[in-house]
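The values are calculated or read from the model by the stated rules, or taken from the named source; none is laboratory data. Everything numeric in this text was worked out from a predicted model, so none of it was measured. Glycine gets a Cβ as well: all are built from the backbone with ideal geometry, and neighbour counts include every protein chain shown. Accessible surface areas use protein heavy atoms only, side chains included; no ligands, DNA or RNA. Shrake-Rupley method; radii C 1.70, N 1.55, O 1.52, S 1.80 Å.
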Amino acid sequence: EWGYTKRNGPFTWAKNYPTAAGIRQSPVDIDTALATSDSSLESKPLRWKYVPQNTRTIVNSGHGWRVDVDSEGSELVGGPLEGTYKLQQFHCHWGSSSDKGSEHTVDGQSYAAELHLVHWNSSKYADCGEAADYPDGLTVLGVLLKVGAKNPELQKVIDLIPSISHRGEKTEVKEAIDPAKMLPKTLSYWTYLGSLTVPPCNESVTWILFKEPVEVSEEQLAAFRSLRCYKRGEECPCDEVDGLLISNYRPTLPLGTRELRECGS
Ligand SMILES: NS(=O)(=O)c1ccc(O)c(NC(=O)NCCc2ccccn2)c1
Ligand SMILES: [Zn+2]
């Protein structure tokens, strides 16, 4: 089973998931000097609508926490997107200390964590699973997280972590979490064509990474690292310090010949 340790981490994934060695992989380093501003992006503002009551369950996948959402009623349109995308889930990546943990880096700089809101193209595909097999199937909104004030919306996730401490555990999200409240104030972003950053690393993601980081506290990051990557009652398979999920980010891959566009300053 893939993971983030030396034995089963990102540099081993291509063995069982050949797409992980592809030329449209994510994450990448955002070399801001390479970004081209594109009037067509400016002319179609990114627009989203989320239904907080539709955030259903939170699960410990063994690779991190993930909040699953009932896609109905949500929509993401505009910017680089053709058609309508619906929110499927959101999750986060972090590191063993706050000097690293984001998946994308900006001019070589890592952030403490990165929030991903995963959407699928409901104009063309029946569900997220099908959409994941097509180059225009998914869109992920990425939010860089830096250490600062406690993040009130993310605190609703943190409060649920003790009940999903082990792999496979899930619980109802009782207090609605509003994904829109986890996005930055300014909506400037970079966009490029990439992939899932976890196996099977499908090359089906239009990435939209907001430029403005959002704050999260050290205590909140510490809570993420308290998740365990093994099932309750089983011994710890991973050679992580007593099976704690202290780091779950994929290092950056080459942008190659892909275009990197930006919208807003
Ligand atoms: N990282 S990503 O490219 O946004 C992405 C897209 C679609 C997916 O199904 C996943 N998988 C996913 O969220 N797995 C469950 C929880 C998780 C959280 C953090 C790291 C790895 N896994 C990730
Ligand atoms: Zn992710």
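Quick check on A35: is it out of contact with any Asp or Glu (no Cβ under 8 Å at 6 or more places or on another chain), in contact (Cβ under 8 Å) with a residue 40 or more places away in the chain and among the small types (G, A, S)? Considered against the rule, which asks whether it is out of contact with any Asp or Glu (no Cβ under 8 Å at 6 or more places or on another chain), in contact (Cβ under 8 Å) with a residue 40 or more places away in the chain and among the small types (G, A, S), A35 comes out as no.
Within region 126-141, residues that are farther than 12 Å from E203 by Cα and of a type in the set (D, E) sit with their Cβ atoms under 8 Å from residues that are within 16 Å of ligand 2 (Cβ to nearest atom) and in a loop (DSSP other than H, G, I, E, B), at 6+ positions apart or across chains, in these pairs: E130/G137.
Would you pick out the residues in region 215-239 that are touching a helix residue (DSSP H, G or I) at 6+ places or on another chain (Cβ under 7 Å) and either assigned to a loop (DSSP other than H, G, I, E, B) or open to solvent by 10 Å² or more (accessible area, probe 1.4 Å) (or both)?
Within region 215-239, the first condition is being touching a helix residue (DSSP H, G or I) at 6+ places or on another chain (Cβ under 7 Å), and the residues that meet it are 216, 220, 223, 226-230, 236.
Within region 215-239, A223, S226, L227, R228, C229, Y230, C236 qualify.
Within region 49-68, the residues that satisfy the criterion of being open to solvent by 20 Å² or more (accessible area, probe 1.4 Å) and within 16 Å of ligand 2 (Cβ to nearest atom) are S61, H63, R66, D68.
Please state which one of L87, L46 is within 16 Å of ligand 1 (Cβ to nearest atom) and either surrounded by 19 or more Cβ atoms within 10 Å (Cβ to Cβ) or on the phi > 0 side of the Ramachandran plot (or both). Write out each step before concluding.
Values: L46 fails: within 16 Å of ligand 1 (Cβ to nearest atom).
Sole residue among the options that is within 16 Å of ligand 1 (Cβ to nearest atom) and either surrounded by 19 or more Cβ atoms within 10 Å (Cβ to Cβ) or on the phi > 0 side of the Ramachandran plot (or both): L87.
Name the residues in region 107-136 that are among the polar types (S, T, N, Q) and within 15 Å of ligand 1 (Cβ to nearest atom), would you? Give the derivation first.
Filtering region 107-136 down to residues among the polar types (S, T, N, Q) leaves 109-110, 121-123.
N121, the sole residue that qualifies.
Looking at region 214-232, can you tell me whether even one residue there is of a type outside the set (S, T, N, Q) and more than 23 Å from G62 (Cα to Cα)? Looking through region 214-232, at least one residue is of a type outside the set (S, T, N, Q) and more than 23 Å from G62 (Cα to Cα).
Hey, can you tell me all the residues within region 26-52 that are in a strand (DSSP E or B), over 30 Å from W13 (Cα atoms) and of a type outside the set (K, R)? Break it down into steps so the answer makes sense when it comes.
Residues of region 26-52 in a strand (DSSP E or B): 29-30, 36-37, 47-49.
Checking which are over 30 Å from W13 (Cα atoms) leaves us with 36-37, 47-49.
Answer for region 26-52, where residues must be in a strand (DSSP E or B), over 30 Å from W13 (Cα atoms) and of a type outside the set (K, R): T36, S37, W48.
Scanning region 213-241 for residues that are in contact with a Lys or Arg (Cβ under 8 Å, 6 or more places away or on another chain) and free of Cβ contacts under 8 Å to residues at least 40 places away in the same chain yields a total of 1.
Matching residues to (1) within 14 Å of ligand 2 (Cβ to nearest atom); (2) closer than 17 Å to V140 by Cβ; (3) not polar (S, T, N, Q):
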{"site": "L183", "(1), (2), (3)": "no, yes, yes"}
{"site": "V198", "(1), (2), (3)": "yes, yes, yes"}
{"site": "K211", "(1), (2), (3)": "no, yes, yes"}
{"site": "R225", "(1), (2), (3)": "no, no, yes"}
{"site": "R228", "(1), (2), (3)": "no, no, yes"}
{"site": "E235", "(1), (2), (3)": "no, no, yes"}
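From the list L76, L81, the lone residue that is farther than 18 Å from A176 by Cβ and either free of Cβ contacts under 8 Å to residues at least 12 places away in the same chain or not in a loop (DSSP other than H, G, I, E, B) (or both) is L76.
On the stretch given as region 156-179, residues that are in contact with a helix residue (DSSP H, G or I) (Cβ under 8 Å, 6 or more places away or on another chain) and either of a type in the set (D, E, K, R) or within 22 Å of W207 (Cβ to Cβ) (or both) total 5. The set of residues in region 24-44 that are out of contact with any Leu (no Cβ under 9 Å at 6 or more places or on another chain) and among the hydrophobic types (A, V, I, L, M, F, W, C) comprises A33, L41. If P251 passes every condition in (1) away from ligand 2 (no atom under 16 Å from the Cβ); (2) surrounded by fewer than 16 Cβ atoms within 10 Å (Cβ to Cβ); (3) not aliphatic (A, V, I, L, M) but one, which one does it miss? Status for P251: all satisfied but (1).
Does A20 qualify as being open to solvent by less than 40 Å² (accessible area, probe 1.4 Å) and part of a helix (DSSP H, G or I)? Outline the logic, then answer.
Values: open to solvent by less than 40 Å² (accessible area, probe 1.4 Å): yes; part of a helix (DSSP H, G or I): yes.
In short, yes.
Being away from ligand 2 (no atom under 12 Å from the Cβ) and open to solvent by less than 10 Å² (accessible area, probe 1.4 Å) is the filter here, so list the residues in region 102-120 that pass it. A112, H119 - these are the residues of region 102-120 that are away from ligand 2 (no atom under 12 Å from the Cβ) and open to solvent by less than 10 Å² (accessible area, probe 1.4 Å).
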